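**Q** Here's a structure for you.
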Amino acid sequence: MSKPVIAIDMGGTKIKTGLVQDGTVLSSVSIDADSGNGLRQRLPFIEQTIRDLLSRNNLSVTEIGGLGIASPGIVDNVQKRIISIDKKFGDAPDINLEEWSFQTFNLPFSIENDARSALLGEWKYGNAKNYDNAVLMTLGTGIGSAAIMEGQLLRGKHFTAGILGGHSVINYKGSLCNCGNKGCVETEASTWNLGNIAKSYENFNENQLSTSSIDYEQIFKLAEQGNSVALSIRKQSLLAWSACAVNLVHAYDPEILILTGGIMGSSSQIIPYIQEYIESHAWTPWGKVHVEEGKFPSTAALLGIAHLVSY
C-alpha cells in the first residue's frame, strides 16, 4: 500500500483538497477559490485546509507521500510550473509552487492540467478504465478537454496537446474569447459567458433570468418549464458541446468520450443529445464512440493528480 498523498484541484469557483490513497479519496474539503484575486492570496488558506485535513485523519506530514495540484491552464509538468492561465488565478505563473510545497510541508510536488488529471483519474480508476484511446470534455466555468492515445496521455512539446478543445473554433464570426480567438466553444456555451449569451437574445427578460447569477442549472430548469430564452440557450449549448465533441473525435480517434464538470448535473439531457449528434455527424466508419458521464464527476482530478504523485 502506497502512502496517502495530498491532491488539490484548483477550480475556478472552488479549490478542492483531498487525501488520496491507492485510488480512493479518503477525505476532502472545498474552499472558495476567489480566483479573480489570484492564487498567492489563497495559499495560506490552502495550507490551513491541508493541516486541518491531516489533523482530522490523525496523520502527520511525515506520513504523506507527496503533494499534487491539478490546475487550469497550460501546465509544464516537467519544470512543475503553470505557464499560462486564462483569467482565473492570474498570478499563478509567477509562483514557484514546488518551492512552496517543499518549504511549507517538505513534500515532493507534482502538477498537471486539471482536465488531463481528470482523464487520468477516469482512465486509471473510472469509466475509461478499459480503453487505451479516450477523450474527456469538462463542461463547467469553461470547457476543458484531454486525450489519451494508444495508452499515452497527450501533452505535446509545449504542453498544449489535447487540452484546448474548448478553444476550437465553431463559429468564426463569433464573439471574442478570453484566449484572443473568435467563436471558441467557450464563448458559445460555457458558464463564464452565459450572461452575455442570454443578453444577446431579443426576448431576454431580466425578471426571469438574472445575468448576474445565471447558471446552467437554472437554464435547464427554465427550459423544461418552457421559457423561450432558456430553450434557445439550451439548444445553442447542446449544439456547441456536440460540435466540440465531434472535433475531439476527429482529432484524437477515441473509443470513448467521458463527460464531466458542473454542468453535468443535467447529464440525462446532455449525454443522449451528444451521443446522437456524434453518431449522425462524426466520420467513424469503424463504429460508435461511446459517450459516458465520468464515474467520479467531482473527484476525478484528485484521483488523477494523486496517481501522478504516487507513480
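**Q** Given the criteria crowded, with 21+ Cβ neighbours inside 10 Å and at pLDDT 95 or above, does GLY65 qualify? Let's see the steps before the verdict.
**A** Working: crowded, with 21+ Cβ neighbours inside 10 Å: no; at pLDDT 95 or above: yes.
So GLY65 does not fit the description; no.
**Q** What tally of residues in region 224-237 results from selecting those that are over 22 Å from ILE278 (Cβ atoms), small (Gly, Ala, Ser) and in a helix (DSSP H, G or I)?
**A** 3
**Q** Shifting gears a bit: Select, from ALA251, ALA306, the only residue that is crowded, with 20+ Cβ neighbours inside 10 Å, out of contact with any helix residue (DSSP H, G or I) (no Cβ under 7 Å at 6 or more places or on another chain) and outside any strand (DSSP E or B).
**A** ALA306
**Q** Now a separate question. Just need a number here: residues in region 21-45 that are modelled with pLDDT of 95 or more, open to solvent by less than 40 Å² (accessible area, probe 1.4 Å) and over 17 Å from THR299 (Cβ atoms).
**A** 4
**Q** Test ALA240 against the stated conditions and say whether it is in contact with a Ser or Thr (Cβ under 9 Å, 6 or more places away or on another chain), among the hydrophobic types (A, V, I, L, M, F, W, C) and part of a helix (DSSP H, G or I). Reasoning before the result, please.
**A** Working: in contact with a Ser or Thr (Cβ under 9 Å, 6 or more places away or on another chain): yes; among the hydrophobic types (A, V, I, L, M, F, W, C): yes; part of a helix (DSSP H, G or I): yes.
Yes.
**Q** Can you confirm whether GLU112 is farther than 23 Å from GLY180 by Cβ, open to solvent by 40 Å² or more (accessible area, probe 1.4 Å) and either in a helix (DSSP H, G or I) or touching a residue at least 12 places away in the same chain (Cβ under 8 Å) (or both)?
**A** Taking the combined requirement at face value, the residue does not satisfy it.
**Q** Given the structure, is MET137 in contact (Cβ under 8 Å) with a residue 60 or more places away in the chain and either buried (at least 19 other Cβ atoms within 10 Å of the Cβ) or of a type in the set (Asp, Glu) (or both)?
**A** Criteria met by MET137.
**Q** Can you tell me which residues in region 144-164 are open to solvent by 10 Å² or more (accessible area, probe 1.4 Å) and within 10 Å of the chain's Cα centre (by Cα)?
**A** Once the filter is applied, which keeps residues that are open to solvent by 10 Å² or more (accessible area, probe 1.4 Å) and within 10 Å of the chain's Cα centre (by Cα), region 144-164 yields GLY144, ILE163.
**Q** If I ask for residues that are without any contact (Cβ under 8 Å) to a residue 60 or more places away in the chain and within 18 Å of ILE274 (Cβ to Cβ), which ones from region 140-170 would you list?
**A** ALA146
**Q** Inspect region 204-215 for any residue being open to solvent by 20 Å² or more (accessible area, probe 1.4 Å), over 17 Å from the mean Cα position of the chain (by Cα) and of a type in the set (A, V, I, L, M, F, W, C) and give the result as yes or no.
**A** Just the residues of region 204-215 that are open to solvent by 20 Å² or more (accessible area, probe 1.4 Å), to begin with: 204-208, 210-213, 215.
Right, trim to over 17 Å from the mean Cα position of the chain (by Cα) and you get 204-208, 210-213.
Subset that is of a type in the set (A, V, I, L, M, F, W, C): 204.
Checked against the condition, which is being open to solvent by 20 Å² or more (accessible area, probe 1.4 Å), over 17 Å from the mean Cα position of the chain (by Cα) and of a type in the set (A, V, I, L, M, F, W, C), region 204-215 yields at least one hit.
The values are calculated or read from the model by the stated rules, or taken from the named source; none is laboratory data. What you see is a predicted model; the values in this text were computed from it and never measured. Counting neighbours? That spans all protein chains shown, and the Cβs are built from the backbone with ideal geometry, glycine included. Accessible surface is based on the protein model in full, side chains and every heavy atom, while ligands, DNA and RNA are left aside. Shrake-Rupley method; radii C 1.70, N 1.55, O 1.52, S 1.80 Å.
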